[in-house]
Structures are given as C-alpha cells and as structure tokens.
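Taking it in order: structure first as structure tokens, then the write-up.
The values are calculated or read from the model by the stated rules, or taken from the named source; none is laboratory data. Remember, it's a predicted structure, so these values are computed and weren't measured experimentally. Glycine gets a Cβ as well: all are built from the backbone with ideal geometry, and neighbour counts include every protein chain shown. These area figures cover heavy atoms from the full protein model, side chains too; ligands, DNA and RNA do not enter into them. Shrake-Rupley method; radii C 1.70, N 1.55, O 1.52, S 1.80 Å.
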Amino acid sequence: MFKFFNRKFKISELKPPPDVKDIFSKFAAGGELISPDQFHTFLIEHQAEKSVSLADAKRILHEFSLRRQHLTDPKHKKDKKQSKENKTAAPAHQTHEHGLTLDEFFNFLFEEEFNGPIKREVHHDMTAPLSHYFIYTGHNSYLTGNQLSSDCSDVPIIKALERGVKVIELDLWPTSSKQDVQVYHGRTLTAPVTLVKCLKSIKEHAFDKSPYPVVITFEDHLTTKLRCIVAEMVTQIFGDMLYYPKPEDPMTEFPSPEALKYRIIISTKPPKVGEGNDKDSSEESEKSDCSDKETESKTAVDIKPIQSEAPEYAELITIHAGKPQGGLKEALEVGEKVRRLSLSEQKLEKAAEDHGADIVRFTQRNILRIYPKGTRVTSSNYKPHVGWMHGAQMVAFNMQPMEGAVT
C-alpha cells in the first residue's frame, strides 16, 4: 500500500564567489598561488593592516596552516604520534608558508582569529573634550587585596594599566620621619609602598594598552613641604609626558583624548593656605560627602581663588577636584571653570533620585567620579549603571578581586 523512497543529498562545498576570485587574481598577479610577499601586500593594501611586516605575514600563514591542519585532517594527531616514533616519516600536511591557493585564500577570509569583522582599534571621534567620554577608573589602585590589611604595591597598578585602566588612584601620606611620601590606605593596617616606585611603574606601563592619557588622582594628606617634594618627583619622573595647563589658561573646557595622547595628567584638590597634614583633604572621607542639607556655606563654584602654599604643586594639577560645602544641588552647579566632583555610591543613588537632571547637566562639561562605599572592605564592587546613566565619566572599580572579576 505504501512505498518508501530514498533520496540522496550531496553536500557541496561553498566555492569562492566572483569578487573573492577577482581579489585573489589581482594580488596573485593572475597566478594560481598568492606568495608570502603578495599576501603581505594584500594585508596592507586591501585589509588596511598598515603596521604588518613580511615576517608577520609569514607567521599568519604558518598559524593558519596549523589551524587548518588541525580542523581538516582527523588523522593529524595519529600521524603526529607516528612521526615522533619514526622521525623519517613525512609530515601529514604541508604548511602554507609557500602561499595560498584560491580555496585556501577563501577559507582564510572566514577565520575570525586572523580576519575578524571588527578590528580592535578606536573608531570613535576622540577629539571632543575629555568630559565627553567614559574613562576606565580604578579605586585604591595600589592595594593587592582587601581594604584593611592587604599590602600596597606597584604590581596591581601595573596590572590595571595593562588591562586598560586610565585613572589610577594614589593615597599620599607622610612617612614616619615626615621626610618622604608613601602610598597606603590611611588609618588601616595596609603596608605602604613608596610613591616614587608607583610613579615609575606608571611611567613605564601607562600606554601599554592604548596611547590615550592616564589620569593620576591624588588623595592628598601631606604637608606643604612634602607637596613640594611630590611636585619635584612628578616633574622629574614624567618630564615632557606630564601635561598641565599654563597659568593664564582658565580651563573652561577639558582638552580632548586625542590632544592628550601619551600624556600624564594629575587630578587632586588644590591646596589652600593653612591646609597641611593635620587637616584631612581626602575626597573619600565621611566629611567630604555632600549632604543635601541647605546651608549658607559657599560651594566650590563660588569660592574665590586663594594663594596656594605649594605653588609648584598646584600648577601641576590639570583636573581640579573640589570638596564642596553645602547641599548636593549647590555642589552640582556648573561654573565657568571645569572641575571634578567625587561622590560615593550611596550619595550618587540619593542624588539620582532628587537631582538627576542636575547631575546630567553637570557631567556635560565637568567630570563626576563615583567610588565604592567604605564598607566594601573585601574590595567588592557596586553596580556601575546608575553612574553611567547619569553621565559619570569616572566610575571607580576595585581591581583587587580575583582575576577576571573586573574586565
């Protein structure tokens, strides 16, 4: 009653389309093989790999050969084992170091490892003011572990820079002799590291990931004398890499990342007369968080310039960080000069509820930095989205958790 029919399907291998054939013919000069030299020309002229060398092209051909050999030859492992036992045995597959045939060239175009659709390079406009960009920011960048008892070192700073972090935070404290500067988390059991060691490591690794500027934020707990030492230390170590505005520059707009390539920038609160080591100038102390309580105190926008005790130190500060008094609304007022404001994650949540529009308006020209609350002693992190949604450029992360926790 019923009959069964068997149909045979033949899977045909995808063949190179005409445009690929045209490109192959062009760079192979009409031949049946693209040589390493011709492949090198293809990478430069057609793939826009301007920096690739002939040696790189040969390396790519070799790695592509090994990959294809592994994927297409199921006997490769067996033959490889036999060749070890018998050294005179011929290899199971010849490499492509001699060049590529049309089919091999076509397969190469599908290899994401060698020919991905998107290159890892900056394709955005980087000529806008610095305040127009989100900046990968570290918190207490010198700590190797928890916030209370771990060691301080330049190693986590190096790792952060290699990861692409562009804002490094250093807490500056006097040594016991009051003659030098060290870095550690104040009023904790963390073991210090010297400032000079941190600065030298920053100089060496600042641009390992990209040429765009690195910002060093200082939490300043120093005397006037030590600030002068820091100024001398910074200028000697960084030299021409250090960027700071001219005294006559009012800084009404931040420079662009493009204009600041391969430059180091200092950001901290400019010292005022009478502000020494006995007065806490940290932005992250409990006193530094703005309350929403209305007061008659003047904000950072309204304060008139006061002569600094350490003019050399103050002149090196490009991004001025304020410690405003008064309510959050006053702290977020936009003045003529651009500046940076720091808020803890809790203060940001409150500010977002009551002054969301003011935050967005502030971050259009100024820089807002968000840092983890003090109870995160295990170096855990918070959700950054609230800050990003309101334009906060520097959402600071603890980089001390397990490898891979923050990427």
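See the values below:
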{"read-out": "Where region 167-255 is the region considered: accessible area per residue in Å², 1.4 Å probe", "value": "45 Å²"}
{"read-out": "Peptides 254-264, 174-184, 106-116 ordered by average Cβ neighbours within 10 Å, highest first", "value": "254-264, 174-184, 106-116"}
{"read-out": "Span from the region 116-160 Cα centroid across to the region 369-385 one, whole angstrom", "value": "15 Å"}
{"read-out": "Computed label-point distance, nm, for sites S25 and T224 using a 7 Å Cα→Cβ extension", "value": "8.1 nm"}
{"read-out": "Entries of K261/K350; K178/K203; K200/K225 with Cα pairs more than 31 Å apart", "value": "K261/K350"}
